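The values are calculated or read from the model by the stated rules, or taken from the named source; none is laboratory data. Computed from a prediction, not measured in an experiment: that's the story for all the values here. Cβ placement follows ideal geometry from the backbone for every residue including glycine, while neighbour counts extend to all protein chains displayed. We work out accessible area using only protein heavy atoms, side chains counted, and drop any ligands, DNA or RNA first. Shrake-Rupley method; radii C 1.70, N 1.55, O 1.52, S 1.80 Å.
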Amino acid sequence: MVSPARKALRRMWKDTCTVYEYQPVLQSNMSTVHEEVAVISDEPCKLSFASLQSANQTDTAAKTPQTVKLFLDETLEIKAGCKIVVKRRDQVFEYGYSGEAGVFEHHREIVLIPFEGWAV
């Protein structure tokens, strides 16, 4: 049975995410290539943006660091180095993930970084 707290939390999740891993794929000619493979598809989630208080001043403008967190089901295992594509209404966000997830009783929190390509 799903707890009332878990149900209430899930109702706030209006985004969906798809998680990709860069995996070896065997071709019909028996050669192996690496490709993006979706390992989790259209999973309900919540993308959260928070600006940090300190700004870094440069010659042209001040940069305000931003923390991006993804909230999702606590049972999902997502490996470091994955690409995570989050859809929110008509927007699509691409992120990478390189750290340890915070695992809580009713959800998992992952701090995301901008996706800059696969490490080969």
Check: Residues of the stretch 87-112 being within 12 Å of the chain's Cα centre (by Cα), surrounded by 13 or more Cβ atoms within 10 Å (Cβ to Cβ) and at pLDDT 90 or above, which ones?
Finding: K87, F93, E94, Y95, G96, R108, E109, I110, V111, L112
Notebook entry, point to check: Take the residues of the stretch 65-86 that are more than 22 Å from R6 (Cβ to Cβ) and hydrophobic (A, V, I, L, M, F, W, C): which is surrounded by the most Cβ atoms within 10 Å (Cβ to Cβ)?
Noted result: C82
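Quick check, is S41 of a type in the set (S, T, Y), open to solvent by 50 Å² or more (accessible area, probe 1.4 Å) and at pLDDT 95 or above? Break it down stepwise before answering.
Values: of a type in the set (S, T, Y): yes; open to solvent by 50 Å² or more (accessible area, probe 1.4 Å): yes; at pLDDT 95 or above: yes.
The answer is yes for S41.
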